[in-house]
1. Answer yes if at least one residue in segment 25-33 is over 24 Å from M205 (Cβ atoms) and among the acidic types (D, E), and no otherwise.
2. Taking only pairs six or more apart or across chains, which ones have beta-carbon atoms under 7 Å, a first residue in segment 78-93 that is within 19 Å of R112 (Cα to Cα) and free of Cβ contacts under 8 Å to residues at least 60 places away in the same chain, and a second residue that is in a strand (DSSP E or B) and charged (D, E, K, R)?
3. Among the numbered criteria (1) in contact with a strand residue (DSSP E or B) (Cβ under 7 Å, 6 or more places away or on another chain); (2) of a type in the set (D, E, K, R); (3) free of Cβ contacts under 8 Å to residues at least 40 places away in the same chain; (4) surrounded by fewer than 17 Cβ atoms within 10 Å (Cβ to Cβ), which single criterion is violated by E116?
4. Identify, from the list E177, E171, the residue that is touching a strand residue (DSSP E or B) at 6+ places or on another chain (Cβ under 9 Å) and under 20 Å from E38 (Cα atoms).
5. Do we have any residue at all in segment 96-105 that's among the acidic types (D, E) and assigned to a helix (DSSP H, G or I)?
6. Residue by residue through segment 119-147, note down the ones that are closer than 24 Å to R164 by Cβ and among the hydroxyl-bearing types (S, T, Y).
7. Would you confirm whether or not segment 212-230 contains a residue that is at positive phi, out of contact with any helix residue (DSSP H, G or I) (no Cβ under 9 Å at 6 or more places or on another chain) and surrounded by 13 or more Cβ atoms within 10 Å (Cβ to Cβ)?
8. Which residues, counting only those in segment 158-184, are in contact (Cβ under 8 Å) with a residue 60 or more places away in the chain and within 23 Å of the chain's Cα centre (by Cα)?
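What follows is calculated from the coordinates using simple rules that are stated; it is not laboratory data. These figures come from a predicted structure and were not determined experimentally. Cβ atoms come from the backbone with ideal geometry, glycine included; neighbour counts cover every protein chain shown.
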Amino acid sequence: MRIVVAVKYVPDIHADRGFEGGRVVRRPDEGTLNELDENAVEAALRLVESLPDDERAASEVVVVTVAGPDADAAVKKAFQLGVDRGVRVSDDAVAGSDYFGTARVLAAAVRRLAEESPVDLVVTGMAALDGLGSVVPTLLSAELGLPQLTLAGRLELTGEPGSRGARVTRELDGVDEVLEAPLPAVVSVTDHANDPRFPNFTLIMAARSKPVEAWSLADVGVDPADVGDAGARTRVLDAAPRPPRPEAEIVVDKGEGGRALADYLIRNDLV
């Protein structure tokens, strides 16, 4: 079983966000592995752990990211969780890529990995917390021409070696939806799919010396004109800082607190 997990290096969710030149400001000291991608890594590791001993021994989990060298920190975090291999696709021409360009590069990286050995499953998180587009899994499946199972609250394998499939459970309003697809396939998991494990000391130490493979667009066969600013189908036309929050209005309840609350709700059209 060979699983590829697409991950992203994103600004820390607690750091100040900003745009410059139509792009998200990314500072090396404020980046981290996308939190929702930890669920994808955990899902892949659990699938491998669920396999019979002989199949598990021959399995591999590979993380792939599209970013600059700073993103090695995200790959190293995946190593600490137990991932076997990490690939970063970096190229000056990638800068400014939109969702379509990112999916194209990820798909090219998956295809190159498949040339080495078949890829059985591609797993992603449900969204990246910097853009929250939630469309890359679908675009990735379209680029690869593979079936997609998205927003999985639970993921498991079906069948036997040589004829494996994927089964996901999606949590809808008041009902669970169960979907299946033959492998290879693309699956995105939600933050309800699992609780990511904590790195153990042995893996933390091993991650320090584990290499991150750096590939260029040429290595994965992508034309620079199809990605980055040159190939983007979307543009950021305008961006402004979030307005500051107004100071809290504190009302001391001296028997009229309920009336003061009602007046506040009415005054601000909240009822």
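1. From segment 25-33, those over 24 Å from M205 (Cβ atoms) are 25-27, 30; that's our starting set.
Filter once more, so that each one left must be among the acidic types (D, E): 30.
Within segment 25-33, one or more residues are over 24 Å from M205 (Cβ atoms) and among the acidic types (D, E).
2. Pairs that qualify, where the first residue is within 19 Å of R112 (Cα to Cα) and free of Cβ contacts under 8 Å to residues at least 60 places away in the same chain and the partner is in a strand (DSSP E or B) and charged (D, E, K, R), are D84/E60.
3. Condition (1) is where E116 drops out.
4. So the residue among E177, E171 that is touching a strand residue (DSSP E or B) at 6+ places or on another chain (Cβ under 9 Å) and under 20 Å from E38 (Cα atoms) is E171.
5. We begin by selecting, within segment 96-105, every residue among the acidic types (D, E); these are 98.
Still in the running and assigned to a helix (DSSP H, G or I): none.
The answer is no, given that none of the residues of segment 96-105 is among the acidic types (D, E) and assigned to a helix (DSSP H, G or I).
6. Of everything in segment 119-147, those that are closer than 24 Å to R164 by Cβ and among the hydroxyl-bearing types (S, T, Y) turn out to be T124, T138, S141.
7. No, segment 212-230 contains no residue that is at positive phi, out of contact with any helix residue (DSSP H, G or I) (no Cβ under 9 Å at 6 or more places or on another chain) and surrounded by 13 or more Cβ atoms within 10 Å (Cβ to Cβ).
8. First pass over segment 158-184, keeping only residues in contact (Cβ under 8 Å) with a residue 60 or more places away in the chain: 161, 164, 183-184.
Once the filter is applied, which keeps residues that are in contact (Cβ under 8 Å) with a residue 60 or more places away in the chain and within 23 Å of the chain's Cα centre (by Cα), segment 158-184 yields L183, P184.
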